[in-house]
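Note sheet for the following structure.
The values are calculated or read from the model by the stated rules, or taken from the named source; none is laboratory data. As the structure is a prediction and not an experimental result, all values here were calculated from the model. With ideal geometry, Cβ positions are generated from the backbone for all residues, glycine too; neighbour counts draw on all protein chains shown.
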Amino acid sequence: MPPDQRSSTSILSRASGPAVLLVLGTIHALSFSPDPLPQWLLPFIQIFGLAFLAHHVFLARRMRDAAAGAFLFCFANFAVGMYWLYISMHDYGAMAAPLAIAAVAVLAAIMALYGTLACAASWWLGAKYLDARASYQRHLLLAATFASCWTAAEWLRGTLFTGLPWLNIGYAHVEGMLAPWAPIIGVYGVAWLAAFASGAIGLLALARNSSNDARAAVGVGIAILTGLIGIFLHHVQWAQPQGKPLIVRLVQGNVPQSEKFDPGLMVQGQIDYLSLAELAPRAPDGKPDIIVLPETVVPLFQDDVAPELWDRWLDVARMQDASLILGVPLHDYVQGRERFTNSVIGVNANTPRQAIIDANPAMRYDKHHLVPFGEFVPAGFRWFVDAMTIPLGDFDRGPVRQRLFTIDGTVFAPNICYEDVFGEQIIASVRDSDRLGPGANVLVNVSNLAWFGDSWALRQHLQISRMRALETARPMLRATNTGMTAAIDPDGSIRAVLDPLQKGVLDVEVQGMTGITPYVRWGDRLALGWTVLFLILALALRRRPLTGDEQHNKG
């Protein structure tokens, strides 16, 4: 339809004002955490929230109008969805409140640029040529173009400058009709399907009460069909049991961040964790075979720890007759070069104490994907780090694929903190390696999110871990300092979870799995491949009027 007619025919024309777009972006941010909204509602909030933005783009008369509205929506989405960064900078980093607020706002603005670019590109590639006589093919192409632009922007956001894919719209769909697509196309593919549904709904709203009603409804019908196929895919078994079930203890010590690195209180934190690890069995099937403890559960480099403390940890392994997986920063030398790594080690009753002190245990994983401003300082930002009192440093990176932990015949793949937000890296640990051995049967995430208090960050991270379980068809175990400590089944469902900011342990039975999902085999290539193809098609047909009249004449 001509641009001058759009506002008069749309039933949502009043939903294009700046204030409304800010509110809609705020509501959209609620879809990434099952708090305060129930889990089942999150996919609907996400799709319909983004549908309002898609409608704004299709309604816009100029590209700058589409871009401006998209920036407001996305800025509100990230400012609200990642508000918890303020807690780490102000409450624990002692940064002045105005500077901490400004930092969150600047990051939200930078993140918003990706969605802004996606919406501007979507408008330029097709929305500006939307015609009252547009055929259903044009409507489908426009919905697919919107989805492809949005997915490409999500991928860029998760890749450039080390990547920050937090709040990828796919994470709103760890439950619901689109969740079973994750083992095939991963989170970016799920994001594409969700964005396509949003685009189709936005187009249908634009065509309401016009001759375009039926044509625009085709896209919504296809979106519903993908959901129905998802229901069928839910019954597909992508993996099979491997080895015997094991009892795993997940430990949550709830050591406050203000105390964790305090020299006068470190010992008490260790005593708390040792006491939890030593507890009598909580599972009906008996004592734990493996005890998993959080990131930096030992908050000193291993060679700064009193040898007697390592003896205590090894005593726990002997007493429980269990293997321990625990987070500890390591200091060592490789070919004469000093290294510092954020690591996870595995020990048992037969592990020599000296092997730990020398940073040479049989099982060791070094964090690969380091956190900017947390584990390394980007060039030119030392002043920003100096404005906080958080103990930060520059760590060395481990390789993407490392030798995994084999315990009682089951292969465990550790990852640390927000590493599990990068699906392409996680699937590398699930694939077999000729040099490094078989792929993982179980995924293990160890984290310390005490920096963020009892905020949405904890629930959002749990959603991310559930997506990794879905993509790989592997159980995911999460041991965190303050939450959310949980056991996640291969279908993404939560088997058990501890309340945040509480001391406790989870003793759960875990069955290792084997088998390769399509996503583990192909990674993001499937989703990105069709994303690029639709963008090329949209570019090739950008000026071609695929109208209903034209299609009739061709017939």
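Quick check: is even one residue across the range 83-91 under 22 Å from GLN460 (Cα atoms) and touching a Gly at 6+ places or on another chain (Cβ under 6 Å)? I'd like the intermediate steps shown before the answer.
Of the range 83-91, the ones under 22 Å from GLN460 (Cα atoms) are 83-91.
If we keep only those that are touching a Gly at 6+ places or on another chain (Cβ under 6 Å) as well, we get 87.
Scanning the range 83-91 turns up at least one residue that is under 22 Å from GLN460 (Cα atoms) and touching a Gly at 6+ places or on another chain (Cβ under 6 Å).
Does ALA118 meet the test of being over 29 Å from VAL371 (Cβ atoms) and touching a residue at least 24 places away in the same chain (Cβ under 8 Å)? Give the derivation first.
Numbers: over 29 Å from VAL371 (Cβ atoms): no; touching a residue at least 24 places away in the same chain (Cβ under 8 Å): yes.
For ALA118, the condition - over 29 Å from VAL371 (Cβ atoms) and touching a residue at least 24 places away in the same chain (Cβ under 8 Å) - is not met.
Run ARG249 past the list (1) closer than 18 Å to GLY346 by Cα; (2) basic (Lys, Arg); (3) surrounded by fewer than 21 Cβ atoms within 10 Å (Cβ to Cβ) and report the number of the one that doesn't hold.
So the condition that ARG249 fails would be (3).
Applying the selection to the range 468-503, what residues are crowded, with 24+ Cβ neighbours inside 10 Å and among the polar types (S, T, N, Q)?
Hits for the range 468-503 are THR472, THR480, ASN481, THR482, THR485.
Which members of the range 32-43 meet the condition of being hydrophobic (A, V, I, L, M, F, W, C) and in contact (Cβ under 8 Å) with a residue 12 or more places away in the chain? Explain how you work it out, then say what you get.
Going residue by residue through the range 32-43, those that are hydrophobic (A, V, I, L, M, F, W, C) are 32, 37, 40-42.
PHE32, TRP40, LEU42, listed by residue number.
Please find, within the range 345-362, the residue that is farthest from ASN415 (Cα to Cα) out of those that are touching a residue at least 24 places away in the same chain (Cβ under 8 Å) and assigned to a loop (DSSP other than H, G, I, E, B).
Within the range 345-362, the match that is farthest from ASN415 (Cα to Cα) is ALA349.
Hey, can you tell me all the residues within the range 509-522 that are buried (at least 20 other Cβ atoms within 10 Å of the Cβ) and closer than 27 Å to ILE291 by Cβ?
Restricting attention to the range 509-522, the residues satisfying the condition of being buried (at least 20 other Cβ atoms within 10 Å of the Cβ) are 510, 512-513, 517, 519-520.
Hits for the range 509-522 are VAL510, GLY512, MET513.
Being at positive phi and in contact (Cβ under 8 Å) with a residue 40 or more places away in the chain narrows it down to one residue among ALA29, ALA94; which is it?
Values: ALA29 fails: at positive phi.
Testing whether each residue is at positive phi and in contact (Cβ under 8 Å) with a residue 40 or more places away in the chain leaves just ALA94.
Can you tell me which residue is surrounded by the most Cβ atoms within 10 Å (Cβ to Cβ) among those in the range 289-344 that are basic (Lys, Arg) and outside any strand (DSSP E or B)?
From the range 289-344, those basic (Lys, Arg) are 312, 318, 337, 339; that's our starting set.
From the residues that got through so far, the ones that are outside any strand (DSSP E or B) too are 312, 318.
Numbers: ARG312: 14, ARG318: 11.
Among them, the one singled out is ARG312.
Counting just the residues of the range 4-25 that are part of a helix (DSSP H, G or I) and β-branched (Val, Ile, Thr), which one comes out modelled with the lowest pLDDT?
Of all residues in the range 4-25, those part of a helix (DSSP H, G or I) come to 4-9, 13-16, 18-25.
From the residues that got through so far, the ones that are β-branched (Val, Ile, Thr) too are 9, 20, 23.
On the way: THR9: 42, VAL20: 92, VAL23: 95.
Out of the qualifying residues, it is THR9.
Considering only the range 245-274, state which residues are more than 32 Å from the chain's Cα centre (by Cα) and not hydrophobic (A, V, I, L, M, F, W, C).
As a first pass, look at the range 245-274 and keep what is more than 32 Å from the chain's Cα centre (by Cα): 263-265, 267-268, 271.
Residues satisfying the conditions are PRO263, GLY264, GLN268.
Considering ALA191, ALA182, which residue is in contact (Cβ under 8 Å) with a residue 24 or more places away in the chain, in contact with a Leu (Cβ under 6 Å, 6 or more places away or on another chain), crowded, with 24+ Cβ neighbours inside 10 Å and outside any loop (DSSP other than H, G, I, E, B)? Please lay out each step first, then the result.
Numbers: ALA191 fails: in contact with a Leu (Cβ under 6 Å, 6 or more places away or on another chain).
Every option except ALA182 fails the conditions.
Quickly run through the range 422-449 and pick out the residues that are crowded, with 24+ Cβ neighbours inside 10 Å and farther than 26 Å from LEU246 by Cα.
As a first pass, look at the range 422-449 and keep what is crowded, with 24+ Cβ neighbours inside 10 Å: 423, 426-427, 429-430, 440-447, 449.
Passing the criteria: only LEU449.
I'd like the residue in the range 94-125 that is surrounded by fewer than 19 Cβ atoms within 10 Å (Cβ to Cβ) and more than 22 Å from the chain's Cα centre (by Cα) and, out of all such residues, is modelled with the lowest pLDDT.
So, considering only residues that are surrounded by fewer than 19 Cβ atoms within 10 Å (Cβ to Cβ) and more than 22 Å from the chain's Cα centre (by Cα), the one modelled with the lowest pLDDT is ALA94.
Report whether or not LEU203 is buried (at least 24 other Cβ atoms within 10 Å of the Cβ) and of a type outside the set (Asp, Glu). Before the answer, list the steps.
Details: buried (at least 24 other Cβ atoms within 10 Å of the Cβ): yes; of a type outside the set (Asp, Glu): yes.
When the stated conditions are applied, LEU203 passes them.
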